[in-house]
Amino acid sequence: MNVAFIPVRGGSKSIPLKNIREIAGKPLAYWTAKAANDCEEIDRIYIATDSDRIRETVEGFGLNKVYVIGRSANSATDTASTESAMLEFAEKYEFDNIVLIQATSPLLTSADISGGFSEFNKPGTDSVLSAVRQKRFQWKIDREGCAAPINYDVFHRPRRQEFDGYLVENGAFYIISRELLLESRNRLAGNIHIYEMDEASYLEIDEPNDWIIIEKLLMDRIKKTVKIPEIKMFLTDCDGCLTDGGMYYSENGDEMKRFNTLDGMGVQMLRERGILTGIVTGEKRELNKRRAQKLRMDIYEEGVQDKISVVRRLCENYNIDMQNVAYIGDDINDLEVIRAVGFGCSVANGVKAVKEAARYVTVKLGGQGAVREVVDFILGRR
């Protein structure tokens, strides 16, 4: 039996509770757990944690191979090695081979893990680690302070395409048998082989700046894999999507709302492409109605308690299939619609259930360009 082992502790100092902080619409630990869950070679996934909050979050992933287990305080300190957690696990559970996966490497894919097992199953291989190829020129400084090249000749500088470069451990995964792990007390031992991953996977999340870069790479990947049907009708909730969800009042007590001009231009772009646009909201607010009129939207439905019935009626009226509808929401009353339409989306600050049901979760917050982000995504794929 092959198992995946993902240690996630709650005491990260650089980014507090980073393992369950959302990145690209999902908790960080979700991405590696999902990659392992989709890998045919893995039978079970054990996520070991010392945090009740992490346990609760992971149990909500809905991944059928995932089991959350405890982790001793000694193996979850700042100074404890990952090996201590692996050995603690290996001494309690029976399995044949283990792949250690670092939750801080969300760019890992199921294909990478499968490739690692293909390498591991080659005759004479005892353990495998993931690595990336870097094509950079390395230097060192001697005791006198002089610099010298390590991996190339300065008088014969190779072109990039002719330069083999070197392999760098990226920390994404390690594969070893239970027997050898217990014998060597180390994640790698014996005849070690390498599985080479994509160069972008060199990055792992340790510092806040890593988060920004990796989230952008994740979103780019998601956009390439999400299939968008032909969109003929684009609907959105208002408060929390077109606005930031806040309520503002003037000194005279007049109600105000904050809309974003980027979203307004997005609606215009859709209209120019012949796509129907509209708002379906549970509120009855004159400000919302005026915004819909200003944007020249085709549809404005207010005071709606049963949004799914209204959207179905609109589809019948305009002779449009539900699969050709895009909808953006942020709260529980949007959930049925998001599940039913062809392209259901959630803003970044939507409630958990909505984000889990959505086919796409924006990076931007509601009222801060989230609607425009979805529009750009749709039009960019047409």
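Asp153 fails exactly one of the following numbered conditions: (1) over 30 Å from Pro7 (Cβ atoms); (2) within 35 Å of the chain's Cα centre (by Cα); (3) acidic (Asp, Glu). What is the number of that condition?
(2)
Can you find, within the range 276-323, the residue that is surrounded by the most Cβ atoms within 10 Å (Cβ to Cβ) among those that are farther than 19 Å from Leu242 by Cα and in contact with a Cys (Cβ under 8 Å, 6 or more places away or on another chain)?
Filtering the range 276-323 for residues that are farther than 19 Å from Leu242 by Cα and in contact with a Cys (Cβ under 8 Å, 6 or more places away or on another chain), the one surrounded by the most Cβ atoms within 10 Å (Cβ to Cβ) comes out as Met322.
Output the number of the condition that Ala85 fails; it satisfies all remaining conditions of (1) out of contact with any Pro (no Cβ under 6 Å at 6 or more places or on another chain); (2) crowded, with 17+ Cβ neighbours inside 10 Å; (3) of a type in the set (A, V, I, L, M, F, W, C); (4) assigned to a helix (DSSP H, G or I).
(1)
Would you check which residues across the range 312-325 are aliphatic (A, V, I, L, M) and assigned to a helix (DSSP H, G or I) and list them?
Matches in the range 312-325: Leu314, Met322.
Take the residues in the range 324-341 that are of a type in the set (A, V, I, L, M) and under 20 Å from Glu373 (Cβ atoms), then tell me which one is surrounded by the most Cβ atoms within 10 Å (Cβ to Cβ).
Out of the qualifying residues, it is Ile328.
Does Gly190 meet the test of being assigned to a loop (DSSP other than H, G, I, E, B) and either in contact with a strand residue (DSSP E or B) (Cβ under 8 Å, 6 or more places away or on another chain) or not assigned by TED's automatic domain parsing to the domain that holds Ser105 (or both)?
It is true that Gly190 is assigned to a loop (DSSP other than H, G, I, E, B) and either in contact with a strand residue (DSSP E or B) (Cβ under 8 Å, 6 or more places away or on another chain) or not assigned by TED's automatic domain parsing to the domain that holds Ser105 (or both).
Would you check if there is a residue in the range 245-257 being within 31 Å of the chain's Cα centre (by Cα), farther than 19 Å from Gly344 by Cβ and part of a helix (DSSP H, G or I)?
Taking every residue of the range 245-257 in turn, none turns out to be within 31 Å of the chain's Cα centre (by Cα), farther than 19 Å from Gly344 by Cβ and part of a helix (DSSP H, G or I).
Considering Gly303, Gly278, Gly350, Gly367, which residue is under 29 Å from Tyr248 (Cα atoms), modelled with pLDDT of 95 or more and outside any helix (DSSP H, G or I)?
Just a single option satisfies the conditions, and that option is Gly278.
Might you check whether a residue that is touching a Ser or Thr at 6+ places or on another chain (Cβ under 6 Å), closer than 24 Å to Arg221 by Cβ and of a type in the set (Asp, Glu) occurs anywhere in the range 18-33?
no
Out of Ile378, Ile338, Ile328, which single residue is touching a Ser or Thr at 6+ places or on another chain (Cβ under 8 Å) and part of a helix (DSSP H, G or I)?
Answer to the selection: Ile338.
Please indicate, with yes or no, whether at least one residue in the range 162-171 is at pLDDT below 95, out of contact with any Asp or Glu (no Cβ under 6 Å at 6 or more places or on another chain) and surrounded by 18 or more Cβ atoms within 10 Å (Cβ to Cβ).
yes
For the range 26-48, what are the residues that are part of a strand (DSSP E or B) and buried (at least 24 other Cβ atoms within 10 Å of the Cβ)?
Ile45, Ile47
Taking the condition modelled with pLDDT under 95, out of contact with any strand residue (DSSP E or B) (no Cβ under 9 Å at 6 or more places or on another chain) and assigned by TED's automatic domain parsing to the domain that holds Ile23, does Thr79 pass?
Yes.
The values are calculated or read from the model by the stated rules, or taken from the named source; none is laboratory data. Predicted model only: the values in this text are computed from it and were never measured. Because the Cβ atoms are built from the backbone with ideal geometry, glycine has one as well, and the counts that use them run over all protein chains shown.
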